[in-house]
Structure formats: structure tokens, C-alpha cells
Amino acid sequence: MADVFLTHDKARELLIHLSANGVEAFGPVEKDGIHIIEKIHEQSPINFDYFITTNSIKEALFPRYEKILSYKISQEGVEVEDVPLDKSIVIMGGHPCDAASIPLMEKLFGWDYKDKFFLKRRENSVVITLACEEADNDCFCTSLGYSPRGEVGSDILLERVSDNGWKVKTLTDKGKNFAKEYADYFQSSLEADKKYPKLADKDVPVQFDPKKVKKWIDGHFEDSLWEKIASNCWSCAACTYVCPTCHCFDITDDATMWSGIRTKNWDACTLPYFTLHASMHNPREEHFQRYRQRINHKYSIYVNLFEAVSCTGCGRCSRACGARVNILEAVKMIDNAAGGK
Amino acid sequence: MSDNVYMPYLMKITDIRDETPDTRTYRLEFTNPEDAKKFTFKAGQFGLYSAFGGGESTFCVASSPTREGYIECTFRVMGRVTTQLRNMNIGDIVGFRGPYGNSFPIEEKFYGKNITFIAGGIGLAPVRCVIWNILDLRDKFKDVNIVYGARTYQDLVYKHEIEEWEKRKDVNLVKTLDPGGDKAEYGCSGWNGKMGFVPTVLKESGIKGDNGVAVVCGPPIMIKLTLPVLKELGFAEENTFTTLENKMKCGIGKCGRCNVGSFYVCKHGPVLSAAELAQLPDEY
Amino acid sequence: MEQLIQKAKDLLSKKEVDAIIGYCATGKDEAKPALIYQAEDAGELIFNDRCYNNLAVYLTRKDVKKLKKIGIVAKGCDIRAIVNLIIENQIDREKVYIIGMTCNGVVKPGSKYASLKSGKCDVCKVRNPHLADLVIGDKVTEQVPMDKKIKHADLEEFEKKTREEKWQFWVDQLSRCIRCNACRQACPMCYCNRCIVDYNTPQWIDTRSNPKGGMAWNLVRAYHLSGRCIDCSECERVCPVNIPLMLLNRTLQEEVQRSFDFEAGYDLEACPPLTVFKKDDKENFIR
Ligand code: SF4
Ligand code: SF4
Ligand code: SF4
Ligand code: SF4
Ligand code: SF4
Ligand code: FES
């Protein structure tokens, strides 16, 4: 098949075109010096020149808050209405460590009870991922078996060939159909710049063995290492909210006297009152117990439930943490305690 | 049926009983007869009850699966949702999602055994479901013992049913109040039960663990103190069952709130044996 | 650094403190907060211009509060927070050993990390610690005299906007808030046992990350901090989505300064003008 290319300009046009035509288009925008993935509208300052977005593509499939039903209350009783999920979604701008979260999240949201809010959105969406051209000390995708040029979870992978364009690699039928449907935006040639590709797997060295980490965690729920790892954690949710694989949520009602909606909203195990009982008993009183849950959940519990580590090594949590808690360091400390490499 | 797993059934309140000043029981019936026909549940399962406008709250189903056509729930007023639920009247509509979670292995493990129930305070709600389930199939079991205690007379729930069980010849009921719980200010006039904490009363009750199954529910501290006593009395850890109550929001293994290690209370629980409990990290 | 490590070793080995809150290296060009419990770990302590975290936030953390006596490595701006915590009865002066560090300002870490765009060091009046049990480091020249009124350039710029523009500015900025609570958890003055947003009976503030909730949360927080914010800029630094929170805080500080001629965190004897009602206040007159 002939090669296909896409330029930044065309990608911008495409996202705006989609958003104007009833598609929920998500893309990277630059705001006050950071890049975030958000819903695109006509005026969005779309920009593709970044190392990594602060947030992940989670926003698109599992929004910060989302209506799950609505109701009307009257003299006759209550009427509850479902939420239709029929909009097509296009997500452009994540990296392979974003896309890799999708199969992980599907396991959870499909665990016996099917959460259509995630699953249906996924079904309706085309995921267009940018292969990485840069990595920092917080990146560790390769330690979890992923790759900066990885294809897991994506429908289309864009690989840079120049400062203003990519080579388009369609990975699934959905991706192929998308490229066909919007063929006008793609082109058959683009002048390549030799400096690309800039990054290969070997540039992101493997730093620990997740199997060993799990084994240590399973045998050391009570261990002073946890206190050391999390000694500077102040229990916010910056790490969890930017994380592509954190999926915890709260359900709340927002209502007036006669009508209302019920919503599913992000919540996080790192927050102090996440597990507080109505009786005021809190099983996770201390900051390190909460951070332990975060690591335990990703590196052991998820493996027990779904045979996969629920972390893609994107390093977002480390970058977002104002207290400078660093997950790679934490996991390496555990790996060390388990006997090193 | 909707493909939205967060959609509740609509149920009508058909009976209200105030158990204590802050604890209430509702009987709920499906507004849609189709739902009623299809609905089944097992002893030990729970659901999310919603007051529209307030939100959802988790309680066990407190009625027995042998009583069809309705479910009952008993709750204490503790927060936003329960306050709003408490303010409802007969005929009002509440939402119900469920039944969720596992159940007591009645057929597998209880048949042919001596059954001992131990409950404290509002912990009688999940136990009551099993008690009626077993009493409705009485001849499948040997002795039935119930040890029930509360802080004060006022805190005893299901007072009428306690009287009823007390009168039955095929039930051995031991009831107790914490020391000082029989004062007149708690509405008590002449207490004919024991005085003392549940674990102590259980120890002195003469109940034996041979060929026995025990069900324990109540505040975490009571459970922690009761389990060793049951062991002493000869109950096998595999035949001692309890329920875990963690904060829950989704009830279906998604919201990530209820887990104790890899044990999701909403999916793997809420019912578990003392043997299983001993395997869990101490974080509940 | 030698002196810092030596002092920390001393304090810990003589059991004068149970732990020391300080900074240690991360292996990268930055520093991170660390709690040191053992004298033999004191060698990990460092101090340099990357020590931007305000460590006073840990003084009110549950586990630290339980300790009998705690040592803390603090820059002038951190000491302003400690002063406020003492005034508000959150900590006992006797319970903290303050190792004051003279400071020439902290610098902006690598571009991938949140920047110190607030410019707090440019207007700092306490490069030499104003309350400490021991001061480490050579005396440095203060850039700004204590009695000088500070007006931040960004605030001056902002005040030129019309009312509608100001409102729109905040609607845009705050709708980005993901409600991660990093600002609150990083703030040494946000120590409430149970913050108003954590209450749900009644639910005063929408906990969701929607424009309404984001706005309500940030406004309530800013109000609760008026006259108490000590300008350390931690909230702004830790905000993952770069909301200019200091502009909001300073708008309110400016108001307090104008009306009461008060700046928080300098004087242990000062009585803050807005004694905000707190549930765990020692004075219970309001309850
Ligand atoms: S690790 Fe960092 S970002 Fe996560 S909760 Fe702790 S302080 Fe907040
Ligand atoms: S835990 Fe951290 S590194 Fe792992 S996927 Fe989440 S944000 Fe990325
Ligand atoms: S790490 Fe915490 S917030 Fe993230 S998914 Fe796991 S339990 Fe939820
Ligand atoms: S504000 Fe002052 S004391 Fe604080 S870091 Fe800057 S110069 Fe140092
Ligand atoms: S740190 Fe920023 S995003 Fe997080 S709650 Fe505060 S203002 Fe919102
Ligand atoms: S209640 Fe949500 S996961 Fe168990």
C-alpha cells in the first residue's frame, strides 16, 4: 500500500472540521505553557509541538464528570432516563503510553458488569497516537513491555518524518476507514527530515522487573519501606487525575426539587477521605497507606484480577507531583528490596 | 432492560418501621411488575438505594429471599443520602440497584448443621435476612442459636421479631445489652436478657461449635473480638462467616473504593469466612 | 551543608527532635522533601536553590503532629508559614526546632516542571530567616525592605481589565481545574481537618470537576486564605494545569493589606485581622 502522510496544519484543520460536524474531537492544545488534551472547538489553540501532554487521553473516554442518568420527579412518581452515547469520537495527540491504557481500562470497565460509558465511547472512537520523539527521566514504558513507538490500543499511529508532519500508519479497520473517509486531509508524499525518528526503545532503558515488584508487594503489605517511599506524599490527586489508567470515581446527584442528574466523577485513592466510612472509621488513615494502595493496585491487585499491570510507564504522575514523589523511584526501590535486577 | 449498569429499579415504599430513633426499615416493592417477576437475590447480597436528588447509599437486603414480592432495607441516618431517605413516606419512590455481591453458602454449607447467629446493633440487618431464610426452611437445619446485643435497649433493632424468635421453641435466643444499657432513659422497663458485651455473653452461652456454622455481623471491633471466641467454642474458621462493610459507590467493581488488597468487597464479598478474612491485609 | 547535616545528626542522636523535615536529592536536578528519623540518614540532607517546596505543610500532617518534637529546615518564606501556624494554634513554638536557611532565591527548575512564575523571590523580604532556633548560611542582602508595600506586576496588569474581562478570565482559567486538590494539600495554611469541600451534609461545594465546581472551590479557598496566605506560591507551583492561583490569592491579599495594613507571617505577636472561623479553633465563642 502506498505511504500516506499528514501535516500538522491538516491535522488541525481536520480536528476543527470534525468538531464542527458533530464529532467529539479531542486534541492537544497549548495553554499557559502546558499542553493538555481537551475537546476541540473552533478557536482551540491546537499545537503538536510537545514532549508529552500534562493530562492523558483519559479525558476523552472517561471524562472528569459525566452524566449517567437523569430523572424527573413529579406527583405521580419518578421517571428515570438513560443517557444515549451515540457520538463518534476522535482522539488525536496521545502517545503510545496513553493508548496502551485503553485495553487496560477495558478490562476493568468490562469486568462482569459492562460500563457502557467507557466501553461504548471506546467503540465509537478512533484513537490516533503520536509516536514519541523524546523521553525524559520519568518515562519507563519499556519496563512494562511497551514502547515509545508502540501500537497497543491505537487505531492509527503517526510517526514524525519532519518538523511539521507524520507518516500515517493505520493499525485497525477503524483506522483504515477513518483514513479513507477523510482522505482529503492526507497526502501521498512529504519531505522527510533525517533527524527523525529520534527515539527508539533502547533510549528508554528497562529499569525494573514488574514480576519481581509484584512478588515483593504481595509479601510485604506491612513494611517500613512504604513509609519511606511515600514520606513526602501530601495526599492530593494530581498523580491519579493525570494518570491514563487510574479509573476511580464517585457517583453523585445534582438536582433541583423536581429534576436532576446523576454523575460519575473522578475520585482518587490518594485523597484522605476516599475510604472514610459514614461512621468516621477510615481504613486508610495515613498518607503512606493511601500511596501504598496506589502502587499495590497498579502492580499487584490489577495483575491478580486481570493479569496486567495497570501502569503504562508514562511518568505523568511523577511529573505532576508537587511533592516530588516519583513512581519510577518508588518501584525501583521495591525492585531493589526484592533483590535488584 | 437498559444496558446502563447504573440504572436503578424504581421501587415504592410500602411499609415503614422506625427501629430506633435513627434507624429505619423500609419495605420496597417494584413499581414495574415485570421487574418484580424477574428479580431474585440470595441471602447476604446488597444493593445501592437512591434518594433521587440525594444520591446512592449501600445497604444489605435485610429481608429473606424466601419472602417474595418485596425487599426490605434497614439503615441508620448518617449522611446526606440516608437523611434524605429518612424523610420519605409511604408511596414515595426510591431507586434500587442490585442485587450485588456474593451470598452466604446456605445450601452448600449450612444444610444439616447447627446454626449460630451473632449480631451487634444494626449488624442484625444482614443476619436477619439469613435468620428468616433459615427459619423458613427450618427442617433443613439442626439447632438455631441467636446471640444479639446492642449498646442500649434503644439500639435494639427488629424488637418485634426478637420477641417472636424468643417465643419459638426451635430457636435459642440470647439477647444482651452493654453494661448500663437497660436504663429507663433508653425506654427500657424490666430487661429480661443478659447484661454484657456480645463476645463475653457468647462465651458463657453454652453454645458449642461441633457440627456448627456461625454467622457474625456487627461493628468491626465486635467482629474482631468475637472471632477468637468462636474459635474457642470449636467453630471451624471455614464455617464462620461474616460480612465486610467498606465504603462503596458503584457496587460492581469499578469505582475502586471498596477493596481490601485484591479482595473487592462488592464483587468477591461482602460475605467471607473467617479463614478468608485472616488472609486479607489489615486494612478494613 | 556540612553544618546542616551536623546539626541534624546532633538533634536526632540527642533525641532533641523525633524527626527532621528537610530536603534531599532526587538524582535529578531538583530536590524533594524528606522526613529523616535516624541520625544515620541525616547525611541525605541538602540545601540549594532547588529547594522550592514549602516544608511547613508537613507540620500539620497527621503522623507528624503525633511526634513530640520536630525539626524543620526552613527558608524565610517557609518561616512565614510557621509563624502563621503558631498564631493559629496549629503548632507549639516549643515543639518545632527551626533550622533557618538564608536564601538567595529558588530558581525555576527544568522546563518540564511547573515553574515559579509567581516571582515570589523578587519581592521577598525575608531572605534572612526572621524566626529560627539556628540560622545556617551567610547573611544575605535583603532585596526589599520590610516596610515596603508590595504590588505585584501581574496583579497590576490584571486590575486594568474591566469587570467583565476579569470574570471571563477566571471562568476560562478555573474551568480547567481538575479538582485534584494539589493546591490545598500543598498549602501550609490549608490544614483544616475536614475541609469544607469534604462535607456532604449539607454539600456546600460541588466536588465535581465542572466549571461550577471549579469556580466555587477556588473562590472559597481564596477567601479562606485571605489575610492568611503567606505568598509561598506552592499552590500555583503544584497546580498540574497551571492555573495562576497566586493572582487570585494576591487579589485578596491586596485587599487585606489595603484595609488593615497587614501582611501575614512576619510577626509572631501580630493578630491577624480576619480571624476566620475554624471548627477546631481554641476559641469556641462562635459555636
Ligand atoms: S504522590 Fe504526589 S501527586 Fe500523588 S497524592 Fe502524593 S503528593 Fe499528590
Ligand atoms: S501510574 Fe504514573 S507512570 Fe503509570 S500510567 Fe499512571 S501516570 Fe503513567
Ligand atoms: S491507583 Fe488508586 S485511584 Fe488509581 S485506579 Fe488504582 S485505586 Fe484508583
Ligand atoms: S521567597 Fe525568599 S526565602 Fe523564599 S525562596 Fe524566595 S528568596 Fe528564598
Ligand atoms: S491544583 Fe489546580 S487543578 Fe488541582 S484543584 Fe487546585 S486549582 Fe484545581
Ligand atoms: S464499590 Fe465500587 S469497586 Fe467496589
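Laboratory data are not the source of any read-out in this text; all were calculated from the coordinates shown. Bear in mind the structure is a predicted one, so any value in this text is a computation, not a measurement. Every residue, glycine as well, gets a Cβ built from its backbone with ideal geometry; the counts of neighbours run over all protein chains shown.
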Inset, instruction - State to the nearest 20 debye the size of the charge dipole of segment A:14-63 about its Cα centre, where the only charges are +1 on K and R beta carbons and -1 on D and E beta carbons. - result: 120
Inset, instruction - Using θ = phi - 60° and the Karplus relation 6.51 cos²θ - 1.76 cosθ + 1.60, list the HN-Hα couplings for segment A:274-286 in order, rounded to whole Hz, with x at every Gly or Pro. - result: 3, 10, 4, 6, 4, 6, 6, 6, 10, x, 10, 6, 9
Legend entry - Dimensionless Rg over Rh [the protein assembly as shown; C-alpha; Kirkwood]: 0.99
Legend entry - Positive-end residue of A:L271, B:I118, A:A135, charge dipole of the protein assembly as shown with Cβ unit charges: B:I118
Inset, instruction - Could you tell me the distance between the Cα centroids of segment C:61-87 and segment A:189-230, to the nearest Å? - result: 35
Inset, instruction - Taking the Cβ of A:L158 as the centre, find all other residues whose Cβ is under 9 Å away and add up their charges (Lys, Arg: +1; Asp, Glu: -1). - result: +2
Inset, instruction - Tell me what chain B gives for mean residue ellipticity at 222 nm when only DSSP H runs of n ≥ 4 count, each as -39,500 (n - 2.57), the sum divided by the residue total, rounded to 500 deg cm²/dmol. - result: -5500 deg cm²/dmol
Inset, instruction - Would you kindly derive the ³J(HN,Hα) couplings of segment B:27-34 from the backbone phi angles with the Karplus curve 6.51 cos²θ - 1.76 cosθ + 1.60 (θ = phi - 60°), listing them in order in whole Hz, with x for Gly and Pro? - result: 9, 10, 10, 4, 7, 9, x, 4
Legend entry - Expected 222 nm ellipticity per residue - DSSP helices of 4 or more, -39500 (n - 2.57), all of chain A, to 500: -7500 deg cm²/dmol
Inset, instruction - Would you mind checking the pairs A:K107/A:K180; A:K167/C:K166; A:K72/B:K37; B:K231/B:K254 and listing those with alpha carbons more than 32 angstrom apart? - result: A:K167/C:K166; B:K231/B:K254
Inset, instruction - Can you pull a Stokes-Einstein diffusion coefficient for chain B at 4 °C (1.567 mPa s), Rh from Kirkwood over Cα pairs, as a whole number of µm²/s? - result: 67
Legend entry - Amide H within-cut-off set for B:F59, under 5 Å, with H built and near neighbours excluded: B:G47, B:Y49
Inset, instruction - Give, rounded to the nearest 20 debye, the magnitude of the charge dipole that chain B has about its Cα centre when Lys and Arg contribute +1 at Cβ and Asp and Glu contribute -1 at Cβ. - result: 200
Legend entry - Long-range amide H partners of B:F52 with built H, under 5 Å: B:G95
Inset, instruction - Any of A:K67/C:K160; A:K120/B:K267; A:K67/A:K332; A:K31/A:K264 with alpha carbons more than 29 Å apart? Name them for me. - result: A:K67/C:K160; A:K67/A:K332
Legend entry - Kirkwood Rh (inverse of mean 1/r, distinct Cα pairs), chain C, angstrom: 19.9
Legend entry - Mean Cα-pair separation over length for segment B:175-284, i.e. relative contact order, pairs under 8 Å, 6 or more apart, %: 20
Legend entry - Whole-angstrom Cα spans of segment B:57-152 along principal axes, big to small: 43, 33, 23
Legend entry - Listed residues B:T176, B:T82, B:T243: farthest to the positive end of the dipole of chain B (Cβ charges): B:T82
Legend entry - From phi via Karplus (6.51, -1.76, 1.60), per-residue ³J(HN,Hα) for segment A:325-331 in Hz, x at Gly/Pro: 7, 10, 5, 5, 4, 4, 5
Inset, instruction - Give the relative contact order (percent, whole number) for segment C:1-52; include only Cα pairs under 8 Å separated by 6+ residues. - result: 40
Legend entry - Rg [Å, one decimal], Dmax [Å, integer] - segment B:173-249, C-alpha atoms: 14.6, 42
Legend entry - In segment B:43-162, lysine pairs with alpha-carbon atoms under 18 angstrom apart (chain gap of 8 or more, or interchain): 4
Inset, instruction - Treat segment B:106-243 as a sphere of radius equal to its Kirkwood radius over Cα pairs and apply Stokes-Einstein at 4 °C in a medium of 1.567 mPa s; give the translational diffusion coefficient in µm²/s, rounded to a whole number. - result: 87
Inset, instruction - Under a 10 Å cutoff between Cα atoms, tell me which one of A:G175, A:G93, A:G77 has the largest fluctuation in the Gaussian network model of chain A. - result: A:G77
Legend entry - Residue order, fewest to most beta carbons within 10 Å, for C:I79, C:I21: C:I79, C:I21
Inset, instruction - Report relative contact order for chain B in percent, whole number only (criteria: Cα-Cα under 8 Å, sequence separation at least 6). - result: 17
Inset, instruction - Using just the helices of chain C, give the 222 nm mean residue ellipticity in deg cm²/dmol: DSSP H runs with n ≥ 4 each add -39,500 (n - 2.57), and the total is spread over all residues, rounded to 500. - result: -9000 deg cm²/dmol
Inset, instruction - Write down the Å³ per residue value for the convex hull defined by the alpha carbon atoms of chain A. - result: 165
Inset, instruction - Taking amide H positions as placed in the peptide plane 1.01 Å from N, state which residues far from B:M195 in sequence (5 or more) or on other chains have amide H under 5 Å from it. - result: B:L177
Legend entry - Values of log10 I(q)/I(0), in the order q = 0.13, 0.22 Å⁻¹, for segment A:210-337 under a Debye, Cα-only, solvent-free model: -0.56, -1.42
Legend entry - For segment A:210-337, size of Cβ-based charge dipole, Lys and Arg +1, Asp and Glu -1, in debye: 480
Legend entry - Footprinting exposure proxy for A:S300, A:S88 (fewest neighbouring C-beta atoms within 10 Å first): A:S88, A:S300
Legend entry - Degrees, to the nearest 10: B:124-135 long Cα axis against longest axis of chain B: 80
Inset, instruction - Any chance you could check the Cα centroid distance between segment C:214-258 and segment C:177-197 for me, in angstrom? - result: 12
Legend entry - Positive-pole candidate from B:T40, B:F30, B:I16, dipole of segment B:1-42, charges at beta carbon: B:T40
Legend entry - Antiparallel %, DSSP beta bridges [both residues in segment C:2-136], to 5: 40
Legend entry - Gap separating the Cα centres of segment A:1-71 and segment B:1-75, nearest whole Å: 43
